[in-house]
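One structure coming up, written as structure tokens, with questions to follow.
The values are calculated or read from the model by the stated rules, or taken from the named source; none is laboratory data. Because the structure is predicted, anything quoted here is derived from the model rather than measured. So basically every Cβ, Gly included, is an ideal-geometry build from the backbone, and we count neighbours across all protein chains shown.
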Amino acid sequence: MTEHVSALDLFTIGIGPSSSHTVGPMRAAAQFNDELRAKGITSDSIRVTLYGSLGATGIGHGTKNAILAGLQGQQPETCDPEYVRSLTENPNVEFVFEPRTRLPKHSNGMKFEAGGFDKTYYSVGGGFVETDEPKPAVKQDLPYPYQTADELLEICERENLTIAQVGMANERAQRPDRDVDAELRRIWQAMKSCIEAGLQTEGVLPGFLKVDRRAAGIHRQLETREGDQSMESLQAYAIAVNEENAAGNRVVTAPTNGAAGIIPAVAYYALKHRNISDETLAIEYLITAATIGGLYKRNASISGAEAGCQGEVGSACSMAAGALAQILGGTPRQVENAAEIAMEHNLGLTCDPVGGFVQLPCIERNAIAAGTAVAAVRLALNGTGVHKISLDTVIETMRQTGADMSTKYKETSMGGLAVNVVEC
Ligand code: SF4
């Protein structure tokens, strides 16, 4: 059965700095809190064991604060980021870090124990949480079911629909009880607010790396320059989001927090420099990005702990490229081509955040990937859509490369830049 990955699950409003290490753990802790209450268990102490990648980089990614907030019943969508940041310790909650133990199901495992009851959760990327229990089979009556990009293209050609139209028809069929358009507008508004906040805020990011915020300064400089500054502005937009994310502020998973700058930056570039309307960006752009993101989530991974940074930044770059090609009038085959080009040149990208913070190389990496997405669209729109390497092939290649990649390069900060940059 084809599993539909909803745009409203891929793009969720939460807090930084990490969807897998902050948003997912907060949701898991809130779920555990609900389970304790449902079972009538009261306990003075809770023990939380963080395994694998969560154990390795949980501190720098704000996992402890997120779990402490979740255990109070807070949710990423509604919590106050400043309050979450203030939660550093709770004498009743004991944290155990097991970075070298990878649970069989996923490298982002966490076990909660209280009052003789325990439960293990997995933060599988993008803020999604799973347990050891099989996922309940949800009957999805989709008007256009497909598993692969090739099948999606066949539907577009058979029905004479765009990729956005197919994605929206499936989305509306799956969520008849929700006003999908209104929620997408709300998500786009949150993305814009995040960029605009980042473009206004100066200072130093949290953590011992003492990384300076740059987006506001770059943006100010660009406003004084003559000529086309659209590419430089695009970079500033992406940096703005990722600085907000690194600061633990309000941000939209797109499809993760570490890669949250690319899709909003490319959209804001289209708004400010290509005369694309807010409505087109909220609906057509976001639904196309989500339709492509669903292919990655279903057939490979969007988790840095599972696939390295190609799964996060690579997927986001591909989603943004496909979505921009769509709103600039690309055919379904050109949209697929743009998405394919964007991922092809992110294959093999490792995850090695310095000090375990989602800052170096993550912030700049989003700026570069936003540029790659726009470059991929230019190439694709100058072609006919006919090309040798399909999107399905790069998605499968990304999956295989992620599976072969050493654990050192999968959100553990045990290799690459994370061990070669001298901390000062
Ligand atoms: S290097 Fe990439 S995957 Fe790793 S934390 Fe940074 S953005 Fe996420």
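Take the stretch 350-384 and flag every residue that is more than 12 Å from the ligand (Cβ to nearest atom) and assigned to a loop (DSSP other than H, G, I, E, B).
ASN382, GLY383, THR384
What is the number of the single condition among (1) in a loop (DSSP other than H, G, I, E, B); (2) under 29 Å from VAL252 (Cβ atoms); (3) not charged (D, E, K, R) that ALA69 does not meet?
(1)
Every residue in the stretch 66-105 that is crowded, with 23+ Cβ neighbours inside 10 Å and closer than 20 Å to ALA305 by Cα, please.
ALA66, ILE67
Working only within the stretch 327-349, note down all residues that are buried (at least 21 other Cβ atoms within 10 Å of the Cβ), assigned to a loop (DSSP other than H, G, I, E, B) and either among the aliphatic types (A, V, I, L, M) or within 14 Å of the ligand (Cβ to nearest atom) (or both).
ASN346, LEU349
When both residues are 6+ apart or on different chains and their Cβ atoms are under 6 Å apart, which pairs have a first residue that lies in the stretch 1-26 and is in a loop (DSSP other than H, G, I, E, B), and a second that is β-branched (Val, Ile, Thr) and more than 16 Å from the ligand (Cβ to nearest atom)?
What qualifies is PHE11/ILE187.
Can you name the residue in the stretch 161-198 that is touching a residue at least 60 places away in the same chain (Cβ under 8 Å) and small (Gly, Ala, Ser) and is also nearest to GLY294 (Cα to Cα) among such residues?
If we take residues in the stretch 161-198 being touching a residue at least 60 places away in the same chain (Cβ under 8 Å) and small (Gly, Ala, Ser), then GLY167 is nearest to GLY294 (Cα to Cα).
Looking at the stretch 11-18, is at least one residue within 16 Å of the ligand (Cβ to nearest atom), under 21 Å from the mean Cα position of the chain (by Cα), more than 26 Å from ARG178 (Cβ to Cβ) and buried (at least 18 other Cβ atoms within 10 Å of the Cβ)?
yes
Okay, next question. Exposed (fewer than 13 other Cβ atoms within 10 Å of the Cβ) and under 22 Å from the mean Cα position of the chain (by Cα): which single residue out of ALA182, ALA197, ALA190 fits that description?
Being exposed (fewer than 13 other Cβ atoms within 10 Å of the Cβ) and under 22 Å from the mean Cα position of the chain (by Cα) holds for just one of ALA182, ALA197, ALA190, which is ALA182.
So, in the stretch 302-326, how many residues would count as being among the polar types (S, T, N, Q), within 12 Å of the chain's Cα centre (by Cα) and away from the ligand (no atom under 11 Å from the Cβ)?
Final tally of qualifying residues: 0.
Could you please let me know if ALA254 is in a helix (DSSP H, G or I), among the hydrophobic types (A, V, I, L, M, F, W, C), in the same structural domain as GLN310 (by TED's automatic domain parsing) and closer than 22 Å to THR372 by Cβ?
Spelling it out, it is not the case that ALA254 is in a helix (DSSP H, G or I), among the hydrophobic types (A, V, I, L, M, F, W, C), in the same structural domain as GLN310 (by TED's automatic domain parsing) and closer than 22 Å to THR372 by Cβ.
Kindly indicate whether GLY294 is within 16 Å of the ligand (Cβ to nearest atom) and either part of a helix (DSSP H, G or I) or at positive phi (or both).
No: the conditions fail for GLY294.
Which of the residues spanning the stretch 394-419 are without any contact (Cβ under 8 Å) to a residue 24 or more places away in the chain and part of a loop (DSSP other than H, G, I, E, B)?
SER406
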